[in-house]
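Structure first, then comments.
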Amino acid sequence: ALPIWGSGSERRARKRDRQSLGFTERSARASPAAVVKMENAEQGQGQKPELVQKAKLAEQAERYDDMAAAMKAVTEQGCELSNEERNLLSVAYKNVVGARRSSWRVISSIEQKTEGSEKKQQMAREYREKIEAELRDICNDVLGLLDKYLIANATSAESKVFYLKMKGDYYRYLAEVAAGEDKKATVEHSQQAYQEAFEISKKEMQPTHPIRLGLALNFSVFYYEILNSPEQACALAKTAFDEAIAELDTLNEDSYKDSTLIMQLLRDNLTLWTSDNQGEEADAGEGGEN
């Protein structure tokens, strides 16, 4: 039986699993170090296996800025990344950017609630702008790697979908803090990347494949949170969930845990979004992401 319903203790256990796999960005904990700005020359001197090992050590120490810098240096060597290297890069930057996204939401909330003190409001605004600058630098760093190396070097459909999904994600993060014409452009770039990845995934990957499911999850979050289109978000998420349920027999042992965890997130989001639309009794929270 598919383990996507259960008691509170089971849900907490699944949450711990998602954290260990890097599935929920809200759970990401990053070091308080500054944005990744380690000198490329220094990193570039290391051989690829040494840089990968350094990234693994940094992950264990939860020093995600160091981890991202090491994997950036690996990527800039220009070779196609292995699945392990690809996942290390993704986890590193997801934690680095996740810390800033979380900080931005907290400070934005404080800024909106601050009343009666112009000085306090100014301090909150300036701090939010500082976090925004860090977040933009990180996103542009990742998008540069994707456009210059990763997407161009991808030879398999799986890799192409993975990197295009990543491109959609990081443009979405930029859209979260952008305004005006800048926001319009980032939203368009995000949607284009997601759509291209989505079309490839439907042709080349099983509905139960964790990368295809993760793409559907994040694309549906994009529809709900960025485009404010709950109907499209729910339709996409429900279709992905139903198609995966119908082909559970295609799941292999290696991807079973990953796939079922993402299916749980799809179902959780559908439950949240449906309740929001029906009665709007609950505050619209951030949808679970991959």
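Overview of results
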| item | result |
| --- | --- |
| Verdict on LEU150 being more than 18 Å from GLU188 (Cα to Cα) and either touching a residue at least 40 places away in the same chain (Cβ under 8 Å) or buried (at least 19 other Cβ atoms within 10 Å of the Cβ) (or both) | yes |
| Residue list for region 207-236, restricted to those being outside any helix (DSSP H, G or I) and surrounded by 17 or more Cβ atoms within 10 Å (Cβ to Cβ) | PRO207, THR208, HIS209 |
| Among (1) farther than 26 Å from TYR127 by Cα; (2) surrounded by fewer than 24 Cβ atoms within 10 Å (Cβ to Cβ); (3) of a type in the set (Lys, Arg), the one test that LYS183 misses | (1) |
| Helices (runs of 4 or more DSSP H) enclosed by region 45-138 - at least 2 residues per element that are among the basic types (Lys, Arg) and modelled with pLDDT of 95 or more | 48-60, 83-113 |
| Residue that is surrounded by the fewest Cβ atoms within 10 Å (Cβ to Cβ) [pool: residues in region 63-105 that are among the acidic types (Asp, Glu) and over 15 Å from VAL142 (Cα atoms)] | GLU84 |
| Check on GLU196, within 30 Å of ALA152 (Cβ to Cβ), in contact with a Leu (Cβ under 8 Å, 6 or more places away or on another chain), outside the structural domain of GLY98 (by the TED database) and surrounded by fewer than 18 Cβ atoms within 10 Å (Cβ to Cβ) | yes |
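The values are calculated or read from the model by the stated rules, or taken from the named source; none is laboratory data. Please read these numbers as outputs of a predicted model, since none were measured by experiment. Note that we place each Cβ from the backbone using ideal geometry, even for glycine, and neighbour counts take in every protein chain shown.
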